[in-house]
């Protein structure tokens with residue numbers, strides 16, 4: 001190898017290394033900002049009930065048109081807090097989406113830390129929305145929605161029974177925001193997957209045995225149900 005070729009390769013390697021370091025630093029700053037915003041949201045949420053209770057304690061007669069109105073400073077503070085809380089929640093949702101995108105980019109840049117059990121497994125960075133025309137395409141659409149923190153597509157991937165099971169976790173969350181705890185699940189953390197078995201349980205239900213690569217290294221059995229012309233995640237077995 002000539003000296004000039006060697007210099008070029010070294011320069012490319014250094015460039016990639018600097019890029020990954022800068023991305024990691026940006027991710028750290030983004031994570032810190034998310035934590036700070038969560039703290040602010042929690043503090044504002046704690047103040048709202050107190051103000052609402054104070055308002056509720058004011059006698060009904062005082063809020064009638066003929067009586068004295070509520071104190072302007074209290075109403076202004078309550079309105080301001082509600083507006084600030086809504087803005088912070090929106091900002092938090094945007095940051096969490098950005099953090100997920102950055103995490104996926106870093107994972108695809110650095111590659112898997114461990115070799116796959118099945119070399120032909122679908123890698124996380126290659127997940128794509130494939131629709132719901134078949135159980136396996138519905139599975140990939142579900143996993144893609146998870147890794148992208150796409151709450152709308154995730155909900156669209158669920159059969160009614162599974163949607164009911166997840167409903168409490170989405171309660172009180174802004175539209176389009178995934179629950180924080182879902183990132184701890186094996187399906188989200190897996191660095192890839194492979195369908196090792198597909199079994200038709202009936203004309204309307206199919207069970208997929210899925211091996212999750214990476215840290216989990218477990219097999220899960222997911223049942224997909226046909227609703228109209230689409231297959232949706234109905235339950236685990």
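The values are calculated or read from the model by the stated rules, or taken from the named source; none is laboratory data. The shown structure was predicted, so the numbers you read here are calculated from the model rather than taken from an experiment. Counting neighbours? That spans all protein chains shown, and the Cβs are built from the backbone with ideal geometry, glycine included.
Consider region 182-194 and keep the residues that are out of contact with any helix residue (DSSP H, G or I) (no Cβ under 9 Å at 6 or more places or on another chain) and closer than 26 Å to residue 168 by Cα. The one that is surrounded by the fewest Cβ atoms within 10 Å (Cβ to Cβ) is 184. Here residue 197 meets each of (1) within 21 Å of residue 127 (Cα to Cα); (2) under 14 Å from the mean Cα position of the chain (by Cα); (3) loosely packed, with under 13 Cβ neighbours inside 10 Å with one exception, condition (2). Checked against (1) outside any loop (DSSP other than H, G, I, E, B); (2) modelled with pLDDT of 65 or more; (3) out of contact with any helix residue (DSSP H, G or I) (no Cβ under 6 Å at 6 or more places or on another chain), residue 114 passes all but a single condition, namely (1). Inside region 125-145, can you point out the residues that are in contact with a helix residue (DSSP H, G or I) (Cβ under 9 Å, 6 or more places away or on another chain) and either surrounded by fewer than 22 Cβ atoms within 10 Å (Cβ to Cβ) or in a loop (DSSP other than H, G, I, E, B) (or both)? The answer is 125, 126, 127, 128, 129, 130, 131, 132, 144, 145. Checking each residue in region 173-209 for being farther than 16 Å from residue 146 by Cα and part of a strand (DSSP E or B) picks out 194, 195, 196, 197, 198, 199, 200, 205, 206, 207, 208, 209. Restricting the first member to region 157-170 and to residues that are assigned by TED's automatic domain parsing to the domain that holds residue 143, and the second to residues that are crowded, with 16+ Cβ neighbours inside 10 Å and at pLDDT below 90, the beta-carbon pairs closer than 9 Å and six or more apart or on different chains are 169/178; 170/177; 170/178.
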